[in-house]
1. Restricting to the range B:245-296, and then to whatever is β-branched (V, I, T), more than 11 Å from every other protein chain (Cβ to nearest Cβ) and assigned to a loop (DSSP other than H, G, I, E, B), can you tell me which residue is farthest from B:A344 (Cα to Cα)?
2. Within the range B:164-192, count every residue that is within 12 Å of another protein chain (Cβ to nearest Cβ) and part of a helix (DSSP H, G or I).
3. Yes or no: the range A:134-149 includes at least one residue that is modelled with pLDDT under 95, more than 29 Å from A:L239 (Cα to Cα) and more than 11 Å from chain B (Cβ to nearest Cβ).
4. Can you tell me which residue in the range A:114-149 is surrounded by the fewest Cβ atoms within 10 Å (Cβ to Cβ), limited to those that are farther than 16 Å from A:H179 by Cα and aliphatic (A, V, I, L, M)?
5. Of all residues in the range A:38-72, count the ones that are at the interface with chain B (Cβ under 9 Å from one of its Cβ atoms), within 32 Å of the chain's Cα centre (by Cα) and part of a helix (DSSP H, G or I).
6. Can you say whether B:H348 is modelled with pLDDT of 95 or more, crowded, with 24+ Cβ neighbours inside 10 Å and within 16 Å of the ligand (Cβ to nearest atom), as far as the supplied structure shows?
7. In the range B:156-174, how many residues are free of Cβ contacts under 8 Å to residues at least 40 places away in the same chain and surrounded by fewer than 19 Cβ atoms within 10 Å (Cβ to Cβ)?
8. Quick one: which of A:N223, A:N178, A:N185 is in contact with a Ser or Thr (Cβ under 8 Å, 6 or more places away or on another chain), surrounded by 20 or more Cβ atoms within 10 Å (Cβ to Cβ) and over 25 Å from B:L76 (Cα atoms)?
Amino acid sequence: MGKYSEDPLWADIEPLPTDEGGPNPLAAIAYSEEYEETMSYMRAVMAANEYSDRVLELTEDLIDMNPAHYTVWLYRAKTLFHLDKDLREELEWLNETALEHQKNYQIWHHRNLIVDRLDDCEGETEFVEQMFVKDAKNYHVWSYRQWLVKRFGLWETEELEFTERMLREDVRNNSAWNHRWYIVNGREAEGVKGEWDEGLRKRELDFAKNAVGKTPQNQSPWNYLRAIVRTAGVPLASLKEFAEQYASLDRPDSVRSSFALDLLADIFAEEEGGKDKAGKALDLLAAKYDPIRKNYWAYRKSQLGLESSTPEAVVAA
Amino acid sequence: MAITDSAADDTLDELLRNKARIIELPDDNNEDEVTGVPFPGNHLRKNGIHHLPQWLQQTTIGLFHDDYNTVSSEALDKTAAECLPHLTGQDNQGIPLNRHGLPHLQRKQHASFLHTPLKGLPAPYAAMDASRPWLFYWCTAGLSFLREDVSMYRERLMETVRPLQNKIGGFGGGHGQLSHCACTYATLLALATVGGLDVIDREAMWHWLGTVKQADGGFRMAIGAEEDIRGAYCAMTAITLLNLPLELPPDSPTREAGLTHFTDRLGEWISTCQSYEGGISSAPNHEVHGAYAFCALACLCILGPPHITIPKYLDVDRLIRCLTTLQTNPEGGFAGRTNKLVDACYSHWVGGCWALLEAAVVGPHEAKQNGSVSSAESRLWNREALVRYLLTCCQQPGPKGGMRDKPSARPDGYHTCYSLSGLSAAQNQYTYNTTASTTDRETGRLLSAFNWKGERASEGDMKGLSVERNDVVELVHPVFVIRFEAVEEARRKFARGGFPVVEGTD
Ligand SMILES: [Zn+2]
């Protein structure tokens, strides 16, 4: 006897118990009676295509017990829309649930469906930022934030400052860098210039260079810099002077960033007669500054048509 | 991980950590310790430091330290500190060493660890009620990577998954759950592993896949669910292994958008997932993530030969650069994202990319010489470092075995399976045969994914990787991530294509 079987409200439903397929199922879960009963009623209402208030309660119960239950989430959304429910109320319930199960993917997809239908994102960016206090790199939350920006056209509002805030907190947070890239460049399909705009480009270059200044061995801003010049069609060599502040073949003992050396190798390779210098930079990476990737650096040399050299030779030279 | 129904790796890791791992808690610690046995190789420990590879030497580890601490750098430093004693041989956790001084692969223990969940799970595993097919796959496939016989699970698995298969086609996470690409993929691979493919209703599967194909070329994970790159890889795996028609079923809603085939706009859609950093994200504009790189590359390797489809749709140089940097220093394993932590499951998700990429870059040149694209010559990555990470840091010591994300984590089926397939990627050689045909003339089946050959680690390879024969994992198919024999059986079984008038029942 359980919560549902004893409830007259559910008397008309014939529950569908779990079909385990046979007498010896593999990896069978010893469900609690409560879970088993609730799922049995869930299966029954889904089979009958029932969309009702009591179904909402049922889904709430199940989500409490198993927030990763994608079927129940999708059915709940369908039911809400079918009944034309107050979606603000749904969001309030979701807020509580989200705090408990932040890493759960389904919850964010559900939120996305609700807010899309509401056609109003009031309070959403603030809520999301709150979520980042616990985990500033949550993939689903960042994806949701991107969707908000696009769906509600939040490009010009406070998104840029938001990424600045996040990066001030942790300049190595690659998710925040990715979001910044999206804010700046996400509208090129709509004809809004990203890095192609000179003023904007300068702002972004300065921002990334500043981050390198604080943390030279931080890959995120280096990736960002490379992407800016590539996207804008500016020669890679425009970063040469900057990269040389962190790595120089003239001072092979005081390289401050392997990413700077890697970038220099690419810059040299594009210069007339620069292949040998590129090779030297790559040798330095393989022999001293990034030996775990020695095969990759050798591969890069081979792409330039250069022979690979032994580490001993590099160190001696 | 990455392609469970619960999206990115973190989710599943979290899930396992919080609830489902309860069963794996050791009930007492004493039984776990194997001590004092004079295994050959133990003597190496004393002077082991001198033999450390260069990336583990103090001079390398000490490079580039700045005082600008953030949440990220603190987490990175903490992880390095927890791994170093294992990596350098100071702490072998009592695991017997091989003659090169690395811990042996604890085959028996890991096998028993993978058999355990199949026997049944306690109530807290209800948290995995929507991803149980993954347990079937991780456990059976992981066992097969250890050369364990799993055929005894055939009948039981076929019975177990029958209620998971929906009339409209595809498999859900459990009885009465919606069909889902990830659940379908995991069930299919588990069935292929034990030889139970007959239970699948191929025609219904074909119809259902037609409902998740999208007009932009990608696939949704389920009807009404998210569209991402896992969907594309999972769906194309099912279509190819089961030899379903490439034509969209007549009732597919995408036909209205002018699409006629499952492959329409698919390569182009995958292109849009390559981000500004060069890596691949779950869907356009999202952050680069190692797991999605594997899904993209494997999907392209289903569409055609690696040296043709990969460069056609992706900027290979930028992708390689991005994935290379995910191999972490000093641990030697892979992280899933830039500035994040090493985690054993990426040994597969990123480690599994290299065979595909190496075949893509060596392809055309080598093909002229002998018709096969080998990954032996071109070695883009550090296999030795990955092997060391997995053997020293990721094996749970003691009789219960299992493999884990990192030393401070508990073992689970997911990390055990993907650590083993990552080991296989590092230890063995995989070759693409460029002269084999890429499409079956009669049925239209895409054949490229069947043109891979695996070659076990040679004596020289083993020496280079500091392993012995019994530390080497079986050959794992680089596209479908099950044993080659299982792939071959699926290829032969459905070679004739079409749908039977009456579905066979045995
Ligand atoms: Zn993991």
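The values are calculated or read from the model by the stated rules, or taken from the named source; none is laboratory data. Small disclaimer: the values here were computed from a predicted structure and weren't measured. A quick note on method: Cβ atoms are made from the backbone with ideal geometry, for glycine too, and the neighbour counts reach across all protein chains shown.
1. Result: B:T260.
2. Adding up the residues that qualify gives 8.
3. yes
4. Checking each candidate, the answer is A:V133.
5. 4
6. For B:H348, the condition - modelled with pLDDT of 95 or more, crowded, with 24+ Cβ neighbours inside 10 Å and within 16 Å of the ligand (Cβ to nearest atom) - is met.
7. Matching residues across the range B:156-174 total 3.
8. A:N185
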